[in-house]
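Q: Take this structure, written in structure tokens, and hold onto it; I'll ask about it next.
The values are calculated or read from the model by the stated rules, or taken from the named source; none is laboratory data. For clarity, every value in this text was computed on a predicted model and none was experimentally measured. Cβ sites come from the backbone with ideal geometry, for glycine too, and all protein chains shown count toward neighbours.
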Amino acid sequence: MRESAKMKTFRPYEPDQMLLMPPDLREWLPEGHLAHFVSDVVDELNLTGITAPYEKEERGYPPYDPAMMTKLLVYGYCVGVRSSRRIERSTVEDVAFRVLAAGNAPAHRTIAEFRRRHLGALSRLFVEVLEICRAAGLVKLGHVAIDGTKVRANASKHKAMSYRRMKEEEERLGKVVDGILDEAERVDREEDRRYGPERRGDEMPEEFVRAESRLRKIREAKAALEREARAKGREAPAAKAQRNFTDPESRILVDADRAYIQGYNAQAAVDAQSQVIVGAGVSQAAPDGEHLVPMLDEVEKNTGRRPKEVSADAGYWSERNVEEAKRRGVEAFIAPERTRHERHLPPPRGRMPMHLSAKGRMRRLLSTRRGRARYGLRKVSVEPVFGQMKEGGGFRRFLLRGIDKVRGEWLLACLAHNIRKLFRRLRPAPA
């Protein structure tokens, strides 16, 4: 008989075996891990804006170390874990978060409160990280591309109502509330006649509570729209003007997929050489055109310099924008109109004709080989950045509400994006 085949052996697997973990928590992760890099970067930042408020607190249980909390939030935004509940769970289940927390496990309420309380100071760290990027050679400002992306608010578009509908609902609910009150008064009189005036009355009907609460919200939203209209010099809001009840400062916008969303217009100015974000902002206004000059100002404020060139799509076109860029010494490459497909016309020859309009001059510039090349930098700089933040970083919806908090959260997301770019530039090559 043939000798039976030997049984296949496997590597040892003993779930019940007692193990001794490395005494240094940092050894739980490989040396070149992003969590180590985030920890090192945060250690280099000035956290005085975060730590200073605690110096005035003399009572209460000692808070978690602000550096640790900052590292958890920044790393969370780097890897797409932004929810305070997910961060809390990750400090128990995820090795990288456990290393950053050094074994601590702050509750989600604590994490959310830390972000809310220190959002301004956290967003100001964007400039400090940008300075580290500059020192690493990632901020050249030879060419900056500007674009905007529509990001969903933490609110449903179905919770919005137009001014015309508000007026209709105000009138309808007013009649409902009056009718319920009249009926309640009639019932009270009848019960007083039957049982005496000293009898304890029951609570208001549930339908009254719902109707009265909705009427109050509608009146508040209607008054806010009227204030906005007066501030713009109009007697009354437009009939289609809308306001959201969950996040009143968000707006109905059209995103890149031509879908209507409740959200904000997030802007970014990106260094074309490195895809580092050098300027960022958030607006309630859907059109992009009004944001080009403010974004150029942001770049100069954040870096102390102006870019040599700027490119933007047709949404940013205006003669004023081109002139303002030129006045700042910035050459603009902005499409004067939208085209479905790139037109590859023969490049022009000779000097620029003097009789051309501003649009004509820009069309001619973008038809040259140099103009096409410079304008084409948009597609390999700012557009991929939004893809990386939304797909890779999971940033498709704001967690916070209100324009000021949303701006802070956007800067925190841009800070995390820049740290990822810095990490790719500085991490050691594999052995």
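Q: Only one of these is within 20 Å of Phe423 (Cα to Cα) and either in contact (Cβ under 8 Å) with a residue 12 or more places away in the chain or among the polar types (S, T, N, Q) (or both): Ala107, Ala96. Name it.
A: Ala96
Q: Now for a separate question. Quick one: Leu72 ticks every box in (1) surrounded by 19 or more Cβ atoms within 10 Å (Cβ to Cβ); (2) out of contact with any Leu (no Cβ under 7 Å at 6 or more places or on another chain); (3) modelled with pLDDT of 95 or more bar one, so which box is it?
A: Here Leu72 meets the rest and fails (2).
Q: Only residues that are surrounded by 21 or more Cβ atoms within 10 Å (Cβ to Cβ) and either modelled with pLDDT under 95 or aromatic (Phe, Trp, Tyr) (or both): list them for the range 401-431, please.
A: Hit for the range 401-431 is Trp410, nothing else.
Q: Of the residues in the range 231-243, how many are modelled with pLDDT of 75 or more and buried (at least 16 other Cβ atoms within 10 Å of the Cβ)?
A: 0
Q: A further question on this structure: Kindly check whether there is at least one residue in the range 129-144 that is assigned to a strand (DSSP E or B) and either surrounded by 20 or more Cβ atoms within 10 Å (Cβ to Cβ) or not charged (D, E, K, R) (or both).
A: Yes, there is a match, as at least one residue in the range 129-144 is assigned to a strand (DSSP E or B) and either surrounded by 20 or more Cβ atoms within 10 Å (Cβ to Cβ) or not charged (D, E, K, R) (or both).
Q: Does the range 253-261 contain any residue that is acidic (Asp, Glu), touching a residue at least 12 places away in the same chain (Cβ under 8 Å) and touching a strand residue (DSSP E or B) at 6+ places or on another chain (Cβ under 8 Å)?
A: yes
Q: Here is a follow-up. May I ask you to list the residues in the range 92-120 that are closer than 26 Å to Leu426 by Cα and part of a helix (DSSP H, G or I)?
A: If the condition is that a residue be closer than 26 Å to Leu426 by Cα and part of a helix (DSSP H, G or I), then Val95, Ala96, Phe97, Arg98, Val99, Leu100, Ala101 are the ones that fit.
Q: Now, a different point. Suppose we keep only residues that are β-branched (Val, Ile, Thr) and either part of a strand (DSSP E or B) or surrounded by 24 or more Cβ atoms within 10 Å (Cβ to Cβ) (or both) within the range 255-293. Which one would you say is modelled with the lowest pLDDT?
A: This residue is Ile261.
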